[in-house]
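Reading through the structure tokens given below for one structure.
The values are calculated or read from the model by the stated rules, or taken from the named source; none is laboratory data. These figures come from a predicted structure and were not determined experimentally. Don't worry about glycine lacking a Cβ; one is built from the backbone with ideal geometry, like all the others, and counts go over all protein chains shown. All accessible areas refer to the heavy atoms of the entire protein, side chains included, with ligands and DNA or RNA removed. Shrake-Rupley method; radii C 1.70, N 1.55, O 1.52, S 1.80 Å.
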Amino acid sequence: AETSELEQMGSAPLQTVGVTSQPGEVVIEGDKLQMNLGRKMKATGNASLHQQSQDVYGDVIEYDEQNEALHVLGNARIESGGGVVTGPELRMQLDENIGEMRDASFKLNNQFTGLPLAGAANLATTKTFADPNEGITDNSSQISSQNIDDKSTGSPGFQKRIGASRGDASAIFFEGQDKKRLTSARYTTCEVGKDDWYIKASELELDDYTKTATARNARVEFLNTPILYTPWISFSFLNQRKTGLLAPTFGTTSRSGFELLTPFYWNIAPNMDATVATRYLGTRGMQYQGEFRYMGETYSGIDNVEYLPSDASTGDTRYYARLKHDQQLGNGWSAGYNVEKVSDDKYFSELSTRITVTSRVNLPQGGYIRYADDVWKFDGIVQKYQTLESTSTTSSSASTRSYPYERLPQLTLTGNDDIGPFNANLYTQWSSFDRDSSKTRINLAADNQNLFTQVTGNRYTAYPSISLPMARPYGYITPKLGVHYTSYSLNNNTDWRIETDDGVTTQTGTFRSTNRTLPIASLDSGLYFDRQTRIVNNSYTQTLEPRLYYVYIPYRDQSMIPVFDSAEADLSMNTIFLENQFTGGDRINNANQLTLAVTSRMIDNSTGEQRLAATIGQRFYFADQKVGIPGANLRTGDSSDIVTALTAKLLTKWSLDTAWQFNTDRSRTTKANIGARYNPEPGKVLNIGYRYTEERLEQINLSSQWPLGNGWYGLGRWNYSLREDRPIEGLAGLEYNAGCWQARTVLQRVSTATANANYAFFIQLELGGLASIGSNPLTLLNRGIPGYTSTGLISDTVQQQPSSYE
Amino acid sequence: EKADKDKPINLEADAVTVNDAKKTSIYTGNVILTQGTLIIRGDKLVVREDKEGFQHSTTYGNPQTPSTFKQKMEGKNEYMEGSGQRIEYDGRMDKVQLYTKAWVKKGDDIVHGDYIMYDANAEYAEVIGGGSQAATPATPTGRVRAVIQPKKKPAGTDGATAN
Amino acid sequence: CGFQMRGTADLAFKNLYMQGAKTTIDKPLKKSLATNGVTVVQDKEQAELMLEMIGEKTEKRILSLSGTGLVREFDLYYRVYFRLKDPDSDVWGPEQMIEQRRDYSYSDAELLAKQGEELRLYDDMRTEATRELLRRLVVQKPGNLQAPKL
């Protein structure tokens, strides 16, 4: 036995020399090592100690094996997942990661792939409540995409954020794997040597796991002048979550004088947060604002309230409230409500400057319950509106509004399924239309014509149809036949009159409970032709797609049918392939018409991307228009305008979007929209737009963000109405990007719906995407300058080569 | 183990030359020295006896097969082993010194260095790095490198006994 | 002038596996893939091309205001985000986006009617986006997937 052990021992040193590393194993290196075996060790001469994800360096490292105590003396440096901490001396209990380092400085590298934004379970989206007007949102978009509107890409894909922050402290206490507590600390995201701004706090807690920092009695110093004091602030290293106390916002507007908004953010849970803010208005007094947001796997919601106890310049109490909730109930069902209320008509115009807010006239108040599966869709709503009356003195026609009908309720059931080669479609709807008897006005399309009626009642519609889509790669033919049945049961007084603005009655009549049945037949057909072409060195497939669409609907007298939700859509590229030119359910046009159109596309052969698409079309009528909204003049010509559209995405970073419509009878242009955008790289965009619609609008729209060199960017937007010969919206601003901070100043003039123009001045200082101080024009710039990119988001690599940035 | 010192020394080698005047004997060729639980191996071993009768040995290895030693720890069933191009054993002081590309392993812990001094009585070791020319696969920089396994395993391992 | 009737596209792949977010254009996309001779398979192994639908987004923006600050035209956007992959490679291609835009005239007096028009325009954009996505897929050759440079 003796020799075998020797043999085996002899070969031992060459093979395994402790190569495999077990978890919890500690590796110590140095120029010299003194070891009391099993107890203490002392490595000297740029010593280092590595354990799991933690590396410690220093001149001398003493390590007590028994209680895993570590003592580093001289140039101590500890590197762990989140960052690096350096100082003269370090004491650390390795196993529990409890330790202390005096006069230490830290550097946090924050390579972090953010959560996918859309639908993320928690509110991992940047919230910009700092903007006083931000509280009120567009009604259409849901919670996640709405919050991203200040991030121009908006792609719900993964959002990779790279950031680095650093600072120092009189002492850093390590309190567990990811927690560090710093006393009298300084924090900044500027690179070493550039001390433009610091957050100084008596206590700063850093959490590597959630990448958030919390500071107590903190002071923000910008170019060593203190600009903000806050007792408590929490912020994310990566600007991934909303900041704690958002920096106060200040600006001035012509309507309310100087403004100071001081929001306080309460981060209740990963999927729930609340913001309370006080907003001091120079000429009005103190306004209180609150917003509560929540989101779960199957639900999301947002509630806002703004309360101005006594408005100094009007003397009354003014408030705004919004409650919005959407809930998935499972197996196809979902429900929700969206209710907004404001105390007086001029609330938005006087207390806000963002045109998505100042242009609001009808505030939705309603709820819905929906079901959807592959075949059936049910949509039940209860909906009414608070309509803001405008008393703006500029033009009388806008002085009195028309009031949309209330639908209490409206139940819609639609079904669509393939039965063999056929496609069957069913549309049924029951609605009960109601309206306050004092609100009887309906503005008609023709200017200064108003319809007055108190009619209310119920409407039932059923429209089954069947089509036979015969599709082949080279073309398709789709005959369709349907029967459209509608019945009305009206209550109370059903007569109507049409008055001009100055009160002259031009027409009268009465609506009657009646029903209407008419067949609808249509034939849609199209062919696809291709050919290969080459431009410069790219090979394209050019397509030629003629399309022919015939509709036949007999005439039914509908003059006694009330107008609850119908309007005649103006002819455009969107509507030339429609059965019924009227939207809503109260009017079905008589039709014997043929629409011809040809589209040609240039498709990039390698990527399948559509570089250019041009369409020209016209509709030919074989019957005059006999069905109309009361007071509207009916079409008599036998052919429609020629409608054209051209969109192009050129390789030279230009994109074009134009539409032109020409009336053949009067040989006049009825619509001309030209939109061009030049966007060679993020941060450099120019939009040129001219929009003309006969007798409705004629505007010029220029906007641009242009780099002016070494970090400066010019911002501008000019929207001038030629028809009304007055500016609609003007915006001028400058933006400076100093790498770890950005500053923006924007002057804006906007005409408002219910009061005359409002001027606003924004200043914003954004510290490394950390806390944005000053009112936040980002959401405004995103709307004002399509393609705008906040300079904080432009990665500095773009200077060398254009980054793959949409 | 302390008891080793009183055990007889058993030596095997291909050849031996003895020089009584200087009280030294030189063993060459697969030399194996055993004394109780202590085992030393190498290509060449020089044993010298000092005035007080203590034995001092110097073992030489070669880059392919360095000389090695192995000894049972006092009061534990763990072994202490080590290897180096040259191992000097001071019988009186019960001190082992390993030179060039040396390593010493105690239980699961191991330390690499260019010079390792191990005092068995005090259970104290001192290791010095050698710079790049002393690089070995385990320590490419040639500096001292110790790999310590976590001691705080659940009860039952002797390593946890308070010293 | 060189135009011929479009034949069945000579696709470089016959079956495709779809994964990722549920979007409103999944059903029409599968239908139009079928008419072009591509079957959507259920298990990954048979697939010659992998399509991941990352998500879709609708956006409504004010396009033009009247002199008195009333909305005259709205802009509607429908965007769908997707990416492609060869079955045997584990690296997904770059994220691609298809964007459709429509604008329509608006007046507060026709609020209810315009809501109907808005829904119809979103459906119209979904149909067009489906066609454009199909065109992007049809040209792909497994092993050499292409995405438009931005």
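List of remarks:
- Members of the stretch C:113-139 that are within 22 Å of A:S566 (Cα to Cα) and either within 10 Å of another protein chain (Cβ to nearest Cβ) or buried (at least 20 other Cβ atoms within 10 Å of the Cβ) (or both): C:A113, C:K114, C:Q115, C:G116, C:E117, C:E118, C:L119, C:R120, C:L121, C:Y122, C:D124
- Among the candidates A:V27, A:V60, A:V72, residue that is within 30 Å of A:S165 (Cβ to Cβ) and at the interface with chain B (Cβ under 8 Å from one of its Cβ atoms): A:V27
- Of the candidates A:V685, A:V643, the single residue that is surrounded by 14 or more Cβ atoms within 10 Å (Cβ to Cβ) and farther than 24 Å from A:E609 by Cα is A:V643.
- Meets criteria (in contact (Cβ under 8 Å) with a residue 40 or more places away in the chain, among the basic types (K, R) and surrounded by 15 or more Cβ atoms within 10 Å (Cβ to Cβ)) for A:R516: yes
- Screening B:K72, B:K95 for residues that are in contact (Cβ under 8 Å) with a residue 60 or more places away in the chain and either open to solvent by 20 Å² or more (accessible area, probe 1.4 Å) or out of contact with any Asp or Glu (no Cβ under 9 Å at 6 or more places or on another chain) (or both) leaves exactly one candidate, B:K72.
- Matching strands (runs of 3 or more DSSP E) fully within the stretch C:10-112 where at least 3 residues are more than 12 Å from chain A (Cβ to nearest Cβ) and either on the phi < 0 side of the Ramachandran plot or touching a strand residue (DSSP E or B) at 6+ places or on another chain (Cβ under 6 Å) (or both): C:15-20, C:39-41, C:49-65
- The residues of the stretch C:51-63 that are buried (at least 21 other Cβ atoms within 10 Å of the Cβ) and either hydroxyl-bearing (S, T, Y) or in contact with an Asp or Glu (Cβ under 7 Å, 6 or more places away or on another chain) (or both), listed by number, are C:I54, C:L63.
- Residue selected from the stretch A:726-741 under the condition in contact with a Gly (Cβ under 7 Å, 6 or more places away or on another chain) and over 30 Å from C:G67 (Cβ atoms), by the criterion modelled with the highest pLDDT: A:Y736
- Within the stretch A:294-330, considering residues that are acidic (D, E) and assigned to a loop (DSSP other than H, G, I, E, B), the one least open to solvent (accessible area, probe 1.4 Å): A:D311
- Residues being within 14 Å of another protein chain (Cβ to nearest Cβ), more than 17 Å from B:R86 (Cβ to Cβ) and under 15 Å from the mean Cα position of the chain (by Cα) - total across the stretch B:1-37: 4
The rows are residues; the columns are (1) under 29 Å from C:Y104 (Cα atoms); (2) of a type in the set (D, E, K, R); (3) open to solvent by 10 Å² or more (accessible area, probe 1.4 Å); (4) at pLDDT 70 or above.
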residue	(1), (2), (3), (4)
A:I700	yes, no, yes, yes
A:G709	no, no, yes, yes
A:R717	yes, yes, yes, yes
A:S721	yes, no, no, yes
A:A743	no, no, yes, yes
A:I773	no, no, yes, no
A:I794	no, no, yes, no
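Yes/no per residue for (1) at pLDDT 90 or above; (2) facing chain C (nearest Cβ under 9 Å); (3) open to solvent by less than 20 Å² (accessible area, probe 1.4 Å); (4) over 24 Å from A:Q661 (Cα atoms):
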{"position": "A:R547", "(1), (2), (3), (4)": "yes, no, no, no"}
{"position": "A:Y555", "(1), (2), (3), (4)": "yes, no, no, yes"}
{"position": "A:N574", "(1), (2), (3), (4)": "no, yes, no, no"}
{"position": "A:Q593", "(1), (2), (3), (4)": "yes, no, yes, no"}
{"position": "A:T615", "(1), (2), (3), (4)": "yes, no, no, no"}
{"position": "A:K626", "(1), (2), (3), (4)": "yes, no, no, no"}
{"position": "A:R635", "(1), (2), (3), (4)": "no, no, no, no"}
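- One residue from A:R161, A:R186 being open to solvent by 20 Å² or more (accessible area, probe 1.4 Å), touching a Gly at 6+ places or on another chain (Cβ under 7 Å) and at pLDDT below 80: A:R161
- Only a single criterion out of (1) in contact with a Ser or Thr (Cβ under 8 Å, 6 or more places away or on another chain); (2) open to solvent by 30 Å² or more (accessible area, probe 1.4 Å); (3) basic (K, R) is not satisfied by C:R83, namely (1).
- Test: residue in the stretch A:337-350 that is of a type in the set (A, V, I, L, M) and either in a helix (DSSP H, G or I) or without any contact (Cβ under 8 Å) to a residue 12 or more places away in the chain (or both): no
- When the stretch A:49-78 is filtered for residues that are within 15 Å of A:Q177 (Cα to Cα) and open to solvent by 60 Å² or more (accessible area, probe 1.4 Å), the ones remaining, listed by number, are A:Q52, A:S53.
- Single condition A:R219 does not satisfy, out of (1) open to solvent by 20 Å² or more (accessible area, probe 1.4 Å); (2) assigned to a strand (DSSP E or B); (3) more than 30 Å from A:Q93 (Cβ to Cβ); (4) modelled with pLDDT under 85: (4)
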